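Reading through the structure tokens given below for one structure.
The values are calculated or read from the model by the stated rules, or taken from the named source; none is laboratory data. Please read these numbers as outputs of a predicted model, since none were measured by experiment. Ideal geometry is used to build each Cβ from the backbone, glycine not excepted, and the neighbour counts take in all protein chains shown. The accessibility values were calculated without ligands, DNA or RNA, using every heavy atom of the protein model including side chains. Shrake-Rupley method; radii C 1.70, N 1.55, O 1.52, S 1.80 Å.
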Amino acid sequence: MYNPYKSIIKTDGLIYKRLLGTSSTKTLKGEKIGYLTAILYLTPNEDLCPLAKLAGCMEGCLYSSGRGAFNSVQKARQAKTDFWYAQQASFLMSLCADIWELRAKANRNNQKLLVRLNGTSDIAWENYHVIPNRTIFSLFPDVQFYDYTKHPSRNLEGKTSGNYDLTYSFSSITPKPISIKGLTNPNNSRVAVVFQKREDIPSSFRSWEVIDGDDTDVRHIEPKNVVVALYAKGKAKKDQSGFVQIKGVHYA
């Protein structure tokens, strides 16, 4: 069957560019439990990640880890970011075209499609309409979406089909009023905390139960109201700002 979104792109004179990738260590781990995971990686900046500066995570961003350390990968991500700014209608329709094709691939392989739209950004996708009154979440109600966010007050009510899972990303230097909003926002299912070393991850953090979040990136099947422990990668290994939690400094 022909991809209907590519048909719309052609009919409306829009531009198609492939945006979603499915190859990373975590996505491969997800495949072992039946999920095909697709992630969108952009080049982070203060517009796409408006809370990053307050959280102190821009320098230690995952943008620099793994394949993201290569110039060729960074150039590809910048091209996608430029596409977002220059041709937003084409960008959103291209995203839909990719999701449609990956959903078909997942179905053929007896998998479930899982889509992370903010691999290295923090865009409130629920506020963008691909077509009038339809977000990407309502266009694909049978696809599970997920993200990490530092936005304290995102509101998903009436904007999704119950298929968008958010995990609040914690930083100890984010101003307390903002952190409290993020930690208590019912739209955030759990809290992600980055620890400096995997072997130093505690069993509880600030009275919250801690679970290991680094085995896979399949967040939506995990319990709510827990801390998802991640450990520092790339430049984040040397972070001293308070975004990365260090044993003996930020916790006992």
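Match the structure shown to one of the listed values (i) 17.3; (ii) 12.4; (iii) 13.5 of mean projected area of the Cα convex hull in nm², computed from it, and give that label.
Comparing each candidate, only (iii) matches the computed number.
What are the membrane-span-like helices in the chain by this rule: whole DSSP H runs, Cα extent along the axis at least 18 Å, mean Kyte-Doolittle hydropathy at least -1.0?
Long hydrophobic helices here: 88-108.
Can you give me the long-range amide H partners of PHE195? Hydrogens built in the peptide plane at 1.01 Å from N, cutoff under 5 Å, separation of 5 or more residues or another chain.
For PHE195, whose amide H was placed from the backbone, the distant partners under 5 Å are LEU230, TYR231, ALA232, GLN245.
Report, in listed order, any pair from LYS176/LYS247; LYS53/LYS181; LYS53/LYS176 with a Cα-Cα distance greater than 19 Å.
Pairs exceeding the cut-off: LYS176/LYS247.
Using Cα centres only, tell me the gap between region 90-154 and region 178-217 in whole Å.
Distance between centres, Cα-based: 24 Å.
Using modelled backbone amide H atoms (1.01 Å from N, in-plane), which distant-in-sequence or interchain residues come within less than 5 Å of LYS112's amide H?
TYR35, LEU36
Through the Karplus equation 6.51 cos²θ - 1.76 cosθ + 1.60, θ set to phi - 60°, convert the phi angles of region 185-191 into ³J(HN,Hα) values in whole Hz; use x for Gly and Pro.
5, x, 6, 9, 6, 7, 10
Give me the net charge for the shell around GLN196: Cβ to Cβ below 14 angstrom, other residues only, Lys and Arg +1, Asp and Glu -1.
Overall, the nearby charge balance is +3.
Which lysines, if any, have their Cα less than 20 Å from the Cα of LYS105, not counting same-chain residues under 8 positions apart?
Of all the lysines, those that pass the test against LYS105 - Cα under 20 Å, at least 8 places apart if same chain - are LYS6, LYS17, LYS26, LYS29, LYS32.
At 1.4 Å probe size, with the rest of the protein present, what percent of the exposed accessible area of the chain is carbon and sulfur atoms?
On the chain, the fraction of accessible area on carbon and sulfur atoms equals 52 percent.
Return one whole number: the accessible area per residue of the chain in Å², for a 1.4 Å probe.
49
Name the residue, out of LYS150, LYS176, LYS29, whose mean-square fluctuation peaks in a Gaussian network model built on the chain with Cα pairs under 10 Å.
LYS176
Hey, what did the chain get for relative contact order, percent, Cα under 8 Å, at least 6 apart?
21
If you rank TRP125, TRP208 by how much accessible surface each has, with a 1.4 Å probe, what is the order from largest down?
Largest to smallest exposure gives the sequence TRP208, TRP125.
Could you tell me what percent of the DSSP beta bridges with both partners in region 150-252 are antiparallel, to the nearest 5?
Rounded to the nearest five, the antiparallel share is 10 percent.
Comparing THR81, THR120, THR216, which has the greatest mean-square fluctuation in the GNM of the chain with Cα pairs linked when under 10 Å apart?
Looking only at THR81, THR120, THR216, the largest GNM fluctuation is found for THR216.
Looking at the chain, send over the antiparallel percent of its DSSP beta bridges, to the nearest 5.
Here the share of antiparallel DSSP bridges comes out near 15 percent.
Scan region 74-183 for GluC sites (Glu not before Pro) in coil per DSSP, keeping those whose Cβ has at most 11 other Cβ atoms within 10 Å, and list them by number.
GLU157
Rank GLY21, GLY158, GLY119 by mean-square fluctuation in a GNM of the chain with C-alpha springs under 10 angstrom and give only the top-ranked residue.
Highest fluctuation among the options: GLY158.
Over region 198-252, calculate the relative contact order: mean separation of alpha carbon pairs under 8 Å at least 6 apart, over the residue count, as a percent.
32
Taking the full set of protein chains and a 1.4 angstrom probe, give the accessible area of HIS151 in square angstrom, rounded to the nearest 10.
40
Calculated from DSSP H runs of 4 or more alone, at -39500 (n - 2.57) each and per residue, what is the 222 nm mean residue ellipticity of the chain, nearest 500?
Taken over the chain, the calculation gives -8000 deg cm²/dmol.
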